[in-house]
Number of protein chains: 2
Amino acid sequence: MVEPFRNYLTSKAAFTDAELEQLEARAITRKLKRREYLLRKGDVCRYMAFVVSGSLRLYRTDEAAQEHILRFAIENWWITDPESFRIGLPAQGTIEALEDTRVLLWSKENFELVKREVPAFHALENQLAGHYVDAQVNRLYTAISYSAEERYQEFVRAFPDFYQRIPLHMIASYLGVSRETLSRIRKQTGL
Amino acid sequence: MVEPFRNYLTSKAAFTDAELEQLEARAITRKLKRREYLLRKGDVCRYMAFVVSGSLRLYRTDEAAQEHILRFAIENWWITDPESFRIGLPAQGTIEALEDTRVLLWSKENFELVKREVPAFHALENQLAGHYVDAQVNRLYTAISYSAEERYQEFVRAFPDFYQRIPLHMIASYLGVSRETLSRIRKQTGL
DNA sequence: CGATTCTTTGAAAACAGTCAATCTGTGTGG
DNA sequence: CCACACAGATTGACTGTTTTCAAAGAATCG
């Protein structure tokens, strides 16, 4: 039984004990050491992951071997390579643990199954998916509309939990600026 | 009966005549003149729109009154303000016709209803929503990883239909660069 | 045609990236 | 416990890209 996952679910909606057990029964647990990969570029992303503890990043690598971070995830966040998980094609992204991390994993089959078995979870998942789309649109909007400095301030505002824990050069990568530029922005604005 | 909509649907999946009629019966038709608004910032986005003919843009306006285009739509595309349509909150975005345009509109209630009534449409909608997320992620990736020139080339490659029809300053807005910069990029690369 | 919209151009300034060096803190092995 | 390696952060000098402002040219609409 995974306490943090249960707490997360019950904070979001009403679930019976039987449902909670059902959800956990369909998942497998996995521990990752810092720097370990949950998904390697080119492999099919077979799992939807819930972060029990620790943190991860999803990034893509360009022709010049530069890494560009698409998403962070800490406790109580979900993470996967959406395209690869959905269609079963080789992933463009890599998922790597930033700290020692514990995740719950559902295969696509089990994830679909458990959504059918537990309607409240299906509803929650729909809500999260919608929310994810909105967040994605907002991030795109800031990317095309705001300066590097404004994007950084927005990041700190929106994710205070992240910026205490995640190396600055990764935040720079997430924002689409060089680490040097981010360093200078921070100096100018006073963190 | 709306031919282009029927052609679109039957090209995507198998629908019976009854289903096609059902789908159309739940929609209303609307004609927009060039520059006319389908949605104004601050109003609730009540409709999911299918573009029968013409074209539209979805954009947001920042504090400096600059417009930033989040999405274009031409024939056979869907468009709405996703956040406002989903939660019923005032829209941050504006939807405006770029040409004289014909759309089919479903209210949220009718859209949900018709998905329940026509399972094949529900499945199609799920597929499109997934595809939309993937496209959104890819666009974000190009925004944080590529130069203005690379983003333009990618745009032309991905949307040859658009760039013949849409004013360049709007493409610049979509890409997140000034119109002057786009003009210079085009000169350098030879369109 | 006249008005508006759209596109291009030039010059200057602001912004961001690169390269190279240095500084900091952390943790590991001897 | 120290020395060393390593990852992360900062800084300076330089280069390159992009924006801004102002103006003019081209295309299109009514």
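Nothing in this text is a laboratory measurement; each read-out follows from the coordinates by a stated rule. Since we're looking at a predicted model, the values are computed, not measured. Positions of Cβ are generated from backbone atoms using ideal geometry, with glycine treated the same way; all protein chains shown enter the neighbour counts.
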Practice problem: State whether one or more residues within the stretch A:93-100 are crowded, with 22+ Cβ neighbours inside 10 Å and within 12 Å of another protein chain (Cβ to nearest Cβ). | Solution: yes
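Which members of the stretch B:48-84 meet the condition of being of a type in the set (Phe, Trp, Tyr) and facing chain A (nearest Cβ under 10 Å)?
Once the filter is applied, which keeps residues that are of a type in the set (Phe, Trp, Tyr) and facing chain A (nearest Cβ under 10 Å), the stretch B:48-84 yields only B:TYR59.
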Practice problem: Within the stretch B:143-166, work out how many residues are within 13 Å of DNA strand C (Cβ to nearest atom), free of Cβ contacts under 8 Å to residues at least 60 places away in the same chain and within 25 Å of B:ASN76 (Cα to Cα). | Solution: 3
Self-check item: Whichever residue in the stretch A:126-164 is touching a strand residue (DSSP E or B) at 6+ places or on another chain (Cβ under 9 Å) and exposed (fewer than 15 other Cβ atoms within 10 Å of the Cβ) and, among such residues, is farthest from A:ASP81 (Cα to Cα)
Solution: A:ASP161
Quiz item: Is there a residue in the stretch A:173-186 that is of a type in the set (Asp, Glu), in contact (Cβ under 8 Å) with a residue 60 or more places away in the chain and more than 12 Å from chain B (Cβ to nearest Cβ)?
Solution: no
Quiz prompt | Criterion: closer than 24 Å to A:ILE166 by Cα and not acidic (Asp, Glu) - qualifying residue of A:ARG57, A:ARG46, A:ARG26, A:ARG6 | solution = A:ARG57
Exercise. Output the qualifying pairs, or none if there are none: Cβ atoms under 6 angstrom, residues six or more apart or on different chains, first residue in the stretch B:106-125 and surrounded by fewer than 18 Cβ atoms within 10 Å (Cβ to Cβ), second residue aromatic (Phe, Trp, Tyr) and not in a helix (DSSP H, G or I).
Key: B:ALA120/B:PHE15
Self-check item: Output for the stretch B:167-191, where each listed residue is surrounded by fewer than 14 Cβ atoms within 10 Å (Cβ to Cβ) and more than 10 Å from DNA strand C (Cβ to nearest atom)
Solution: B:THR189, B:GLY190
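Say whether the condition of being part of a loop (DSSP other than H, G, I, E, B), within 15 Å of DNA strand D (Cβ to nearest atom), within 14 Å of chain B (Cβ to nearest Cβ) and of a type in the set (Ser, Thr, Tyr) is met by at least one residue in the stretch A:125-147. Step through it out loud before you land on a result.
Within the stretch A:125-147, the subset part of a loop (DSSP other than H, G, I, E, B) is A:146-147.
With the extra rule that they be within 15 Å of DNA strand D (Cβ to nearest atom), the set shrinks to A:146-147.
From what's left, within 14 Å of chain B (Cβ to nearest Cβ): A:146-147.
When the remaining residues are screened for being of a type in the set (Ser, Thr, Tyr), the result is A:146-147.
Checked against the condition, which is being part of a loop (DSSP other than H, G, I, E, B), within 15 Å of DNA strand D (Cβ to nearest atom), within 14 Å of chain B (Cβ to nearest Cβ) and of a type in the set (Ser, Thr, Tyr), the stretch A:125-147 yields at least one hit.
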Quiz item: Given the conditions (1) within 14 Å of chain B (Cβ to nearest Cβ); (2) out of contact with any His (no Cβ under 6 Å at 6 or more places or on another chain), which single one is not true for A:SER107?
Solution: (1)
Practice problem: Can you work out which of the residues in the stretch A:166-180 that are assigned to a loop (DSSP other than H, G, I, E, B) and not aliphatic (A, V, I, L, M) is farthest from DNA strand D (Cβ to nearest atom)? | Solution: A:GLY176
Quiz item: From the list B:GLU24, B:GLU36, B:GLU3, which residue is more than 14 Å from chain A (Cβ to nearest Cβ), away from DNA strand D (no atom under 16 Å from the Cβ), of a type in the set (Asp, Glu) and out of contact with any helix residue (DSSP H, G or I) (no Cβ under 8 Å at 6 or more places or on another chain)?
Solution: B:GLU3
Practice problem: State the number of residues belonging to the stretch A:6-32 that are part of a strand (DSSP E or B) and either β-branched (Val, Ile, Thr) or without any contact (Cβ under 8 Å) to a residue 60 or more places away in the chain (or both). | Solution: 2
Exercise. Could you check how many residues of the stretch B:57-109 are within 16 Å of DNA strand C (Cβ to nearest atom) and of a type in the set (Lys, Arg)?
Key: 1
